[in-house]
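First up is the structure itself, then whatever we jot down about it.
The values are calculated or read from the model by the stated rules, or taken from the named source; none is laboratory data. All figures in this text were calculated on a predicted structure; none of them were measured in a lab. Cβ placement follows ideal geometry from the backbone for every residue including glycine, while neighbour counts extend to all protein chains displayed. Accessible surface is based on the protein model in full, side chains and every heavy atom, while ligands, DNA and RNA are left aside. Shrake-Rupley method; radii C 1.70, N 1.55, O 1.52, S 1.80 Å.
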Number of protein chains: 2
Amino acid sequence: LPEPGGQCVALYPDKPIYDVPGIPVCTGRELAAQLLAQARPFVPADGSTLHLNQQVMSLAVDDAHPLGKHRFHLKSGAGTEFMARCVIVSAGAGAFVHKALAIPGLDTAQAPANLHHQLLNANIAAPWAGQHLVVAGGGDEALQTVLDLANANITQGPARLTLLHRRDQFQAEASLEAAVRGLISSGQVQLVLGVPQACELDTSGTQPVLRALTLSTADGAAPLMLDHLLVRLGMSPKLGPLSEWGLALERKQVSVNPSTFESSVPGIYAVGDINTYPGKKRLLLCGFHEATLAAHAASLALHPETPQHLLYTTTSPLLHQRLGLI
Amino acid sequence: LPEPGGQCVALYPDKPIYDVPGIPVCTGRELAAQLLAQARPFVPADGSTLHLNQQVMSLAVDDAHPLGKHRFHLKSGAGTEFMARCVIVSAGAGAFVHKALAIPGLDTAQAPANLHHQLLNANIAAPWAGQHLVVAGGGDEALQTVLDLANANITQGPARLTLLHRRDQFQAEASLEAAVRGLISSGQVQLVLGVPQACELDTSGTQPVLRALTLSTADGAAPLMLDHLLVRLGMSPKLGPLSEWGLALERKQVSVNPSTFESSVPGIYAVGDINTYPGKKRLLLCGFHEATLAAHAASLALHPETPQHLLYTTTSPLLHQRLGLI
């Protein structure tokens, strides 16, 4: 994802959370912001340690190096490579990927040039004027895209906008739904109800181009001609390449030792929703505990000769120095 | 203790804490208040479930009752009795007791009538006028007592006040120390430096009365005559009766299973600083995890037939109802 925060930011940024101990209520976005603020004193000021918007594609164990040396070799989809002495996996429910329309022709290796799954609202500034844009979806993400495109019409010249959803009911924030309903009532946006069953592709060029969707509607099959299809069905997590890293898994989760949160591969730890152990509960507060114990265990594994003292922020001068208090 | 909050409130109420996840900084007292506010929707409005200012003296297992029935019988020092289906021990480092002067005659079963270890500043309104009061200690608690007594002199008539400490250096908040130093400079309080080694008791009555302390000072042994001795050496935790409850202990801590935080006695759980298990760290955030998993495990043990679904406060209508949101 393009920003830290995981599910809190990607799935429920504006929903109130009531079960983080000591915080009677906060939203997912607020919690992520507070955690980042709290971590800041311990992160280099240039932010060089945060690598965003890329998926770790491979993790290889280099047997030439013992534990605590550069034993792990990671590569991301963006081409970044890392040599690591230990790895803490906090992959949540997996990597977030945009949900796709599951119809033949759209799920091929070579996607049509005018089919768009971009992250969030990137590329919204594309020159759409004069074209027919179909936004598929009925949740916050689809409605926000429709609203953004309607606003872009003012500056970029009018495009024809269609919102495609399976039924006349949305799962979106009330204010967002009201705004989009207004656009539909005023005729600025056309609402089409139907479920895509097939598509018509033009494959004469080097890359296929989507010409139309065939919809199943209340009145039978109906074609929907279009120039661009923006699929906005929300995101869902997929385990992805992690399943190939040689970690013992149990029902798609990484089995860990609850004393250290170490996986079956020494030096690789797993914390949060991605792990499993007897008694596991997928709660934020459990992730905090797991990350803390994993950090202590990793520190001990990396520095086996150094005594590991538990320091308290109420009393430790060393921690006060790191926090910038003295 | 007379209020909930444990070590946070008793040991570091005003110290900033930086390591509760999601809260960049708060004091011990603030954290306890936030946690209580968060728990409030789940506690009966009349507060009937909070029993304060008493120590659990005994915990007996009634073998006539199976697990999940009224198997546990608890009695507190205040005479309160409880029949319980399960017990979660969160006794921290033990029960907080006032540190005593360790000299012969003061540590007997029958304490002198004029020796005072009262909790905090209770009984400060006693009629002290005309008497010689000796306050022993050099920390916040001792200095606050001296200050309170000096203020009481105004309304209750003057008493002679002595602060007894082993050296001319205090461990107290700067403003409190400044106020007491002012009282010493102006002669309202006499500072005596010395370490009590013995005491002189009048045992002619039904209860012994302390007449004097024998001090070891820089100039040798010296007597300190007094009418009342207020021992204000702070509090320290003692494991106390818990060690007699039949729970498996390891270095004065309750051994627990880290999947359930259940002790060696089925139905009795232990969370927070009182427990131990492989990897244990004595951190607030670990206590939150432990308490949560113990609550889930206890719920399952009490209702083995009922499916235990993990509910999220972001989405669960049942939790929203309990939180008073709908």
- In terms of modelled amide H atoms, which long-range or inter-chain residues lie less than 5 Å from the amide H of A:GLN190? A:LEU161, A:THR162, A:LEU163
- Note on the structure: With a Förster distance of 35 angstrom and the Cβ-Cβ distance between B:GLN171 and A:LEU67, calculated FRET efficiency to the nearest 0.05 equals 0.20
- Query: If you count, for every residue in A:291-304, the Cβ atoms of partner chains within 10 Å of its Cβ, what is the mean?
  - Reply: 2
- Message: On the rotation axis linking copies B and A, which residue of B comes nearest by its Cβ, and by how many whole Å?
- Response: B:HIS289, 2
- Other protein chain Cβ atoms within 10 Å, averaged over every residue that makes up B:19-31: 6
- Hey, what angle do you get for helix A:174-185 against the long axis of chain A, alpha-carbon based, 0 to 90 degrees rounded to 10? 20
- Message: Defining the label point at 7 Å along Cα→Cβ, can you sort the distances from A:LYS252 to the same site in each other copy, shortest first, in nm?
- Response: 4.9
- Message: Per 0.36 nm of contour for each residue apart, how much would the distance between A:ARG29 and A:SER236 grow if the chain were fully extended, relative to their Cα-Cα spacing?
- Response: 72.7 nm
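As a test of the definition: with a 1.4 Å probe, what buried accessible area, both sides summed, do you compute for B against A, in Å² to the nearest 100?
That pair of chains buries around 3400 Å² in total.
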- Expressed per residue, the solvent accessible area of chain B in Å² (1.4 Å probe) is about 51
- Message: Quick check on the protein assembly as shown: of the DSSP beta bridges with both residues there, what percent are antiparallel, nearest 5%?
- Response: 60
- Measuring from a point 7 Å past the Cα of B:SER299 along Cα-to-C-beta, which residues in the range B:246-286 have an amide N at less than 18 Å? B:259-262, B:267-271
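For chain B, give the share of DSSP beta bridges that are antiparallel, in percent and rounded to the nearest 5; count only bridges with both residues there.
60
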- Phi angles of the range A:213-221, converted by Karplus (6.51 cos²θ - 1.76 cosθ + 1.60, θ = phi - 60°) into ³J(HN,Hα) in whole Hz with x for Gly and Pro, give 9, 9, 9, 8, 10, 4, 9, x, 5
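Give the carbon-plus-sulfur fraction of the accessible surface of the protein assembly as shown in %, rounded to a whole number; probe 1.4 Å, heavy atoms of protein chains only.
On the way: 18400 of 32950 Å².
Carbon with sulfur: 56 percent of the solvent-accessible area.
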- Which residues of the range A:232-277 end up with at least 50 Å² less accessible area in the presence of all protein chains than when their chain stands alone, using a 1.4 Å probe? A:SER259
- Message: For the range B:65-88 and the range A:276-326, what is the centre-to-centre distance using only Cα atoms, to the nearest Å?
- Response: 36
- Which angle from 0 to 90°, rounded to the nearest 10, does the C-alpha axis of helix A:140-156 make with the longest principal axis of chain A? 60
- B:GLN321/B:ASP227 FRET efficiency (R0 45 Å; Cβ-Cβ; nearest 0.05): 0.15
- Magnitude of the Cβ-charge dipole (Lys and Arg +1, Asp and Glu -1) of chain A about the Cα centre, nearest 20 debye, reported as 320
- Calculated FRET efficiency for the pair B:PHE42/B:LYS281, C-beta based, R₀ 35 Å, to 0.05: 0.85
- Taking Cα pairs closer than 8 Å and at least 6 residues apart, the relative contact order of the range B:169-326 in percent is 9
- Query: Are any of the pairs A:LYS281/B:LYS280; A:LYS281/B:LYS281; A:LYS238/B:LYS280 more than 29 Å apart by Cα-Cα distance, and if so, which?
  - Reply: A:LYS238/B:LYS280
- Task: Label the range A:113-245 by shape, choosing from rounded, prolate and oblate, from the square roots a ≥ b ≥ c of the eigenvalues of the Cα gyration tensor; if a/c is under 1.5 it is rounded, and otherwise prolate applies when a/b is larger than b/c, oblate when it is not.
- Result: rounded
- Item | Whole-number percent relative contact order across chain A, with pairs defined as alpha carbons under 8 Å at least 6 apart | 18
- Message: If each label sits 7 angstrom from Cα along the C-beta direction, how far apart, in nm, is A:GLN156 from its counterparts in the other copies?
- Response: 7.9
- Label-point separation (nm) for A:ALA100 and A:GLN188, each offset 7 Å from Cα along Cα-to-Cβ? 3.4
